[in-house]
1. Of the trypsin sites (Lys or Arg not before Pro) in the range 16-84, which ones lie in a loop per DSSP and count no more than 11 other C-beta atoms within 10 Å?
2. Averaging sequence separations of C-alpha pairs under 8 Å and six or more residues apart, then dividing by the length of the chain, give the relative contact order as a whole percent.
3. Report the gain in length on full extension from THR105 to LEU90: 0.36 nm times residue separation, minus Cα-Cα distance, nm rounded to one decimal.
4. Around ALA72, what is the net charge, scoring Lys/Arg as +1 and Asp/Glu as -1 over all other residues with Cβ under 15 Å from its Cβ?
5. Assigning unit charges at the beta carbon (Lys, Arg +1; Asp, Glu -1) and nothing else, what dipole magnitude in debye, to the nearest 20, does the chain show about its Cα centre?
6. All other residues with a Cβ under 11 Å from the Cβ of ARG44 taken together, and with Lys, Arg as +1 and Asp, Glu as -1, what is their net charge?
7. I'd like the chymotrypsin sites (Phe, Trp or Tyr not before Pro) in the range 25-92 restricted to DSSP loop residues with at most 10 other Cβ atoms within 10 Å, sorted by number.
8. Is the shape of the chain rounded, prolate or oblate, going by the alpha carbon gyration tensor and its root eigenvalues a ≥ b ≥ c, with a/c under 1.5 for rounded and a/b larger than b/c for prolate?
Amino acid sequence: MGGGATVTKREVFQPAVYIMANQNGGTLYIGVTSNLVQRAWQHREGVADGFTRRYNCKRLVWFELQGTMELAILREKQLKAGNRARKIALIEMANPDWRDLFHETAV
């Protein structure tokens, strides 16, 4: 038997709903994920084709952690069904300066 221990990276699983934006008051993208840090990084780096890459939505401006993926998906649908003014109000209540919250989640 060998002498070294094998260290494996454990996958993070924390359901979340999030909003990405391209600028203050700009284009919004609402998504759901089980790994917010990884998904926000993918949007920031433009590694996948799609809406956020096309519209340059690289700023994580709002997120909400959920207990299960089912709850996260329900919340995402609720937010997507709402009007733009409600989405902006939600962002501005928690993040009035539209700061990029990515580095706050990647700790």
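Bear in mind these aren't lab numbers, they're just calculated from the coordinates by the rules spelled out. Predicted model, so just to flag it, every value in this text is computed and none were measured. Neighbour counts are summed over all protein chains in view; Cβ atoms, including those assigned to glycine, are modelled from backbone coordinates with ideal geometry.
1. none
2. Across the chain, relative contact order equals 31 percent.
3. Here the answer is 3.6 nm.
4. Numbers: positive: ARG39, ARG75, LYS77, LYS80; negative: GLU64, GLU70, GLU76.
Local net charge: +1.
5. Details: 15 positive and 10 negative charges, 55 e Å.
Once rounded to the nearest 20, the dipole reads 260 debye.
6. Here the count lands on +2.
7. Within the range 25-92, no chymotrypsin sites (Phe, Trp or Tyr not before Pro) qualify (loop, at most 10 other Cβ atoms within 10 Å).
8. prolate
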